[in-house]
Amino acid sequence: MKKFILVLVFAFAFVGCQKANTTTPTDTNTKNETQVTDTTNEKATDQAAAENISLEDALKVFTDKYPEANIEDISFDVDNKVAKYEIEAFDDSNEYDMEISAKDGSIIKDNFEKDNTANKKAIDTSLISKVDDFVAETIKDAGSDYYLDSYSIEYDEIGAYTQLEVEVKNLNGKDIEYKYNMETGELIKKDL
């Protein structure tokens, strides 16, 4: 009887060990597939975000609320998988900061404060319509495996022009930053 119990204990131990070994690779494969899916979804989220409301629409949301404000800076980025535009502006006595959802045009954040704005410079908003062309040119130069990560438009006081800075990334996390003079179309700088 002792032999029979001993054989049973070894049989259960052997079967238990085999079962533990067969589940581990399955769990690892599932985890790896999830990681690949998450990276792909991140790129899809970034690209889909760029295809929602236009920069012109976001600017209209801002100017409808603050029609007398001068635009100092406009940016687009994806933060925690939420695509948004941020517009910073000023008038004679106030500074404004508004974040607008790129998905639906809703206002995420709207702040203003009294401030001395005498030395502030506004961007040339007539150049806004050129942004999509600059972004397309940037992606074409970087390569088809790159996607738009962010951009910002601001006045460059040193060169006295409206500047567009575009950052593109690939799935490996490599980024390239481009700076353009929006008035002349000239590529000012490319950082690899």
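The label point for LEU171 and the one for ASN94, both projected 7 Å from the Cα toward the Cβ, are 4.7 nm apart.
Counting only Cα atoms, the size of the stretch 74-192 along its three principal axes is 45, 33, 22 Å, in decreasing order.
Which GluC sites (Glu not before Pro) does the stretch 63-125 hold that lie in a coil by DSSP with at most 14 other beta carbons within 10 Å? Kindly include the intermediate steps, with their values, before the conclusion.
Details: sites: GLU68, GLU72, GLU86, GLU88, GLU95, GLU99, GLU113; in loops: GLU68.
The qualifying sites are GLU68.
Taking a ≥ b ≥ c as the square roots of the eigenvalues of the alpha-carbon gyration tensor, the stretch 98-139 is classed oblate because a/c is 1.5 or more while a/b is no larger than b/c. The count of lysine pairs in the stretch 133-192 that are at least 8 places apart or cross chains, and whose C-alpha atoms lie under 14 Å apart, stands at 6.
Maximal additional length on extending the PHE112-ILE158 stretch stands at 13.9 nm, based on 0.36 nm per residue less the C-alpha distance.
In debye, nearest 20: dipole of the stretch 58-103 around its Cα centre with unit charges on the Cβ of K, R (+) and D, E (-)? Show your work: numbers first, answer last.
On the way: 5 positive and 13 negative charges, 95 e Å.
It comes to approximately 460 debye.
Give me the 1.4 Å probe accessible area per residue for the stretch 134-192, excluding ligands and nucleic acids, in Å².
52
The values are calculated or read from the model by the stated rules, or taken from the named source; none is laboratory data. These numbers come from a predicted model, not from an experiment. Virtual Cβ from ideal backbone geometry, glycine too; neighbours counted across all protein chains shown. These area figures cover heavy atoms from the full protein model, side chains too; ligands, DNA and RNA do not enter into them. Shrake-Rupley method; radii C 1.70, N 1.55, O 1.52, S 1.80 Å.
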